[in-house]
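Visitor: One structure is given below, represented as structure tokens, and several questions about it will come after.
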Amino acid sequence: MAPHLPLLLLGGALKPTGLDCMDQAAERGIDVVVADTADNLRRAPEVVERALYTVELTYSDPEEVRAWATAAAAEGERYLGVYGTRETAAESVAAAAEVLRLPGNGQKAVRRIQDKYACRAALVEAGFPQPPSARCHSAQALRSFLAAHPKGPWIVKPAAGRGSAGVSLVRDATELDAALDHLIAAHRELTADLHRQGVTVEAPDAFEAGVLVEGFQEGEEFSAEGVFVDGVPRVLALTAKVTTGGPHFVELGHSMPAPVSPAVAEHAQETLAAAAKALGLSWGVFHIEFWLTGDGRIVLGEFHVRPGGDSIYVMAQRITGVGMHGVVFDQLLGNPVDADSWRPRHAAAIRFLTPPPGTVADVGGWAEVTSAPEFLSGKLTLEPGSEVPPLKSSFDRTSFVCARGDTAAEAVANADRLASAVRISLRPAPAAG
């Protein structure tokens, strides 16, 4: 059999996701070309060693990637497909696919879903229920929206962002200034972090980028993890979420499969398929957030054409035995995909370790937790001397435990118990004065 063309993996020097992609590509006899920044490649020698070759490229800059792909095409470079798992690579993946004439989502469609307001507006235009929302470029525009929609509460957040950074619940107009302070500080921190990763930030000012205000959506929060098969989003697992609630809604844990009825699961599948078609999405993996209201309606939230973070996609693969990246690669190869056979074999749940703010004095119990039979995976970065910040976004969490169970309820109980078994003590606060 003739060797396959290589896969182009944009932003692929991300561990462990990049290695997972390479594993699933290798199972299918596919070599991988990794394109990433020089700094990221230097920090991921395991990825570089396994790559067919590497390309130094600002993977987060769609125009730079488009220019590079144009030159590569002119020189006769050919690839089986282009793929990426980072949010900051999604538009670049689309741009490269367009230039190289490979399967993918259009760049315009990806740019639209990454702009939260534009995505909501497109869903409204297509007839999907959405809370009222507006993109504002001044504090006065925000106050005008609140005055025009007096039935609160409202959510104030960046028009483009991730990890709940900058998100606040505003119950009345007196809380708006605090919400804006929180958003501006989060935007500044995120911009600095992205600069350190070599990611281009087009709008360094929060209001220049746009501030999104929307009506607070009631209901249980879920997300859908899956892969587009023959152009249709096929759900691998639904994820139930636990958050801190207002004001910042930081996610504390996830569990799957979500405890919903078969009718609700089917309704979610049908709704996602219709919405994806309306948004012009048809390729790759997805992580789509939604709410289930008390009267059984599904209200769509954010759309992402990349795997779910917080180890969500890892759990989805573990409980089903389906490699999400591999399903994409199979379609590139023309291999059959039987999405109708996807079923959870067991359940999984993750809980983040969120001690109160302070300085860690001691950590105990981790060895016992990781040796427990129900332990699935975990990460512990907290150690004596670690500073624990106030919990304002997902970036303030560093450590977690993930547990298995025969049912979602059992997995949640196991994860809660293992998380509680990690003993984290803090140093006493210095005496005032």
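Visitor: For region 4-60, what are the residues that are basic (Lys, Arg) and out of contact with any strand residue (DSSP E or B) (no Cβ under 8 Å at 6 or more places or on another chain)?
Guide: Of everything in region 4-60, those that are basic (Lys, Arg) and out of contact with any strand residue (DSSP E or B) (no Cβ under 8 Å at 6 or more places or on another chain) turn out to be 15, 28, 42, 43.
Visitor: Consider only pairs whose beta carbons are under 8 Å apart and that are at least six residues apart or on different chains; among these, list those whose first residue lies in region 101-113 and is open to solvent by less than 60 Å² (accessible area, probe 1.4 Å) and whose second residue is in a loop (DSSP other than H, G, I, E, B) and of a type in the set (Ser, Thr, Tyr).
Guide: Between residues of region 101-113 that are open to solvent by less than 60 Å² (accessible area, probe 1.4 Å) and residues that are in a loop (DSSP other than H, G, I, E, B) and of a type in the set (Ser, Thr, Tyr), the close pairs are 102/79; 105/282.
Visitor: Any residue in region 1-23 that is farther than 14 Å from residue 313 by Cβ and modelled with pLDDT under 95 sitting within a Cβ distance under 8 Å of a residue that is assigned to a helix (DSSP H, G or I) and open to solvent by less than 30 Å² (accessible area, probe 1.4 Å)? List the pairs, counting only those 6 or more apart or interchain.
Guide: 15/47
Visitor: Looking only at helices (runs of 4 or more DSSP H) that fall completely inside region 262-381, which ones have 3 or more residues that are open to solvent by 40 Å² or more (accessible area, probe 1.4 Å) and over 24 Å from residue 159 (Cα atoms)?
Guide: Of the helices (runs of 4 or more DSSP H) lying wholly inside region 262-381, those with at least 3 residues that are open to solvent by 40 Å² or more (accessible area, probe 1.4 Å) and over 24 Å from residue 159 (Cα atoms) span 262-279, 366-370.
Visitor: Also, I was wondering about something else. Going by the structure shown, is residue 152 under 26 Å from residue 13 (Cβ atoms), at pLDDT below 95 and not polar (S, T, N, Q)?
Guide: In short, no.
Visitor: Give me the pairs, please: first residue somewhere in region 414-425 and touching a residue at least 12 places away in the same chain (Cβ under 8 Å) and of a type outside the set (Phe, Trp, Tyr), second residue anywhere and in a helix (DSSP H, G or I) and buried (at least 16 other Cβ atoms within 10 Å of the Cβ), beta-carbon distance under 7 Å, and either six or more positions apart or on two chains.
Guide: Sorted first by the residue in region 414-425, then by its partner, the pairs are 418/369; 421/369; 422/366; 422/369.
Visitor: Might you let me know whether region 247-260 holds any residue that is surrounded by 16 or more Cβ atoms within 10 Å (Cβ to Cβ), under 15 Å from residue 339 (Cα atoms) and among the small types (Gly, Ala, Ser)?
Guide: For region 247-260, residues surrounded by 16 or more Cβ atoms within 10 Å (Cβ to Cβ), under 15 Å from residue 339 (Cα atoms) and among the small types (Gly, Ala, Ser): absent.
Visitor: Still on this structure, please answer the following. Residue 235 - would you say it is part of a strand (DSSP E or B), farther than 30 Å from residue 171 by Cα, among the β-branched types (Val, Ile, Thr) and open to solvent by 10 Å² or more (accessible area, probe 1.4 Å)?
Guide: Considered against the rule, which asks whether it is part of a strand (DSSP E or B), farther than 30 Å from residue 171 by Cα, among the β-branched types (Val, Ile, Thr) and open to solvent by 10 Å² or more (accessible area, probe 1.4 Å), residue 235 comes out as yes.
The values are calculated or read from the model by the stated rules, or taken from the named source; none is laboratory data. What you see is a predicted model, and the numbers here were worked out from it, not measured in a lab. Here the Cβ is made from the backbone with ideal geometry for all residues, glycine too, and neighbour counts use every protein chain on show. Heads up: the accessible areas ignore ligands, DNA and RNA and are worked out on the full protein's heavy atoms, side chains in. Shrake-Rupley method; radii C 1.70, N 1.55, O 1.52, S 1.80 Å.
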